[in-house]
């Protein structure tokens with residue numbers, strides 16, 4: 001019957017021959033076969049993570065609600081494709097095992113709009129897919145490094161160091177460089193990051 005999927009049963013077994021029935025075993029718990037999940041994954045959204053990855057989020061399905069899961073939750077499937085292409089012929093799928101509400105899709109192209117759908121899966125298979133959600137990956141990061149970098153101590157003696165606390169001082173360095181311009185394929189420039197590391201000589 002349709003409503004007997006993934007139901008729990010207690011089973012006891014005994015051997016029988018021409019002389020009668022033997023001792024009955026202890027209880028063993030089993031479940032009936034699973035069916036396809038019916039619940040659509042709700043509130044699916046996606047956003048750009050960087051130029052080659054997107055973050056996909058959704059509301060989790062209650063793994064104890066067997067009336068909609070019709071089995072044991074194994075994870076979620078994310079289907080994605082370029083919005084400009086046909087879904088059925090140009091999609092990719094990735095499975096993310098376990099109960100979760102977030103996944104990161106990597107290996108995408110920059111500045112491309114992708115559409116995603118999410119389904120929950122059990123041992124039987126996947127549920128119907130969620131509604132569509134589309135978003136565009138970021139453009140490329142700056143591809144040209146700053147040039148003509150110079151590092152020097154400040155010229156004035158009083159500017160060469162700054163006091164941290166008490167008699168503890170820290171020496172300062174000035175860093176200058178030639179700025180860059182971004183192209184239409186790159187994200188707009190927001191600023192510059194200066195990284196430092198110590199060099200030690202014997």
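Here are a few things to note about the model shown:
- Residue within the stretch 140-158 that is at pLDDT 95 or above, more than 30 Å from residue 62 (Cα to Cα) and assigned to a strand (DSSP E or B) present: no
- Residue match in the stretch 25-44 (condition: modelled with pLDDT of 95 or more, assigned to a loop (DSSP other than H, G, I, E, B) and in contact with a strand residue (DSSP E or B) (Cβ under 6 Å, 6 or more places away or on another chain)): yes
Yes/no per residue for (1) out of contact with any helix residue (DSSP H, G or I) (no Cβ under 9 Å at 6 or more places or on another chain); (2) in contact (Cβ under 8 Å) with a residue 40 or more places away in the chain:
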{"site": "107", "(1), (2)": "yes, yes"}
{"site": "111", "(1), (2)": "yes, yes"}
{"site": "122", "(1), (2)": "no, yes"}
{"site": "133", "(1), (2)": "yes, yes"}
{"site": "156", "(1), (2)": "yes, no"}
{"site": "172", "(1), (2)": "no, no"}
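- Options 73, 85, 4: the member that is surrounded by 10 or more Cβ atoms within 10 Å (Cβ to Cβ) and touching a strand residue (DSSP E or B) at 6+ places or on another chain (Cβ under 9 Å): 73
- Candidates 125, 107, filtered to the one that is surrounded by fewer than 18 Cβ atoms within 10 Å (Cβ to Cβ), modelled with pLDDT of 95 or more and on the phi > 0 side of the Ramachandran plot: 107
- Against the conditions (1) without any contact (Cβ under 8 Å) to a residue 60 or more places away in the chain; (2) surrounded by 15 or more Cβ atoms within 10 Å (Cβ to Cβ); (3) under 29 Å from residue 139 (Cβ atoms), residue 52 satisfies every one except (1).
The values are calculated or read from the model by the stated rules, or taken from the named source; none is laboratory data. Because the structure is a prediction, the values reported are computed rather than measured. A quick note on method: Cβ atoms are made from the backbone with ideal geometry, for glycine too, and the neighbour counts reach across all protein chains shown.
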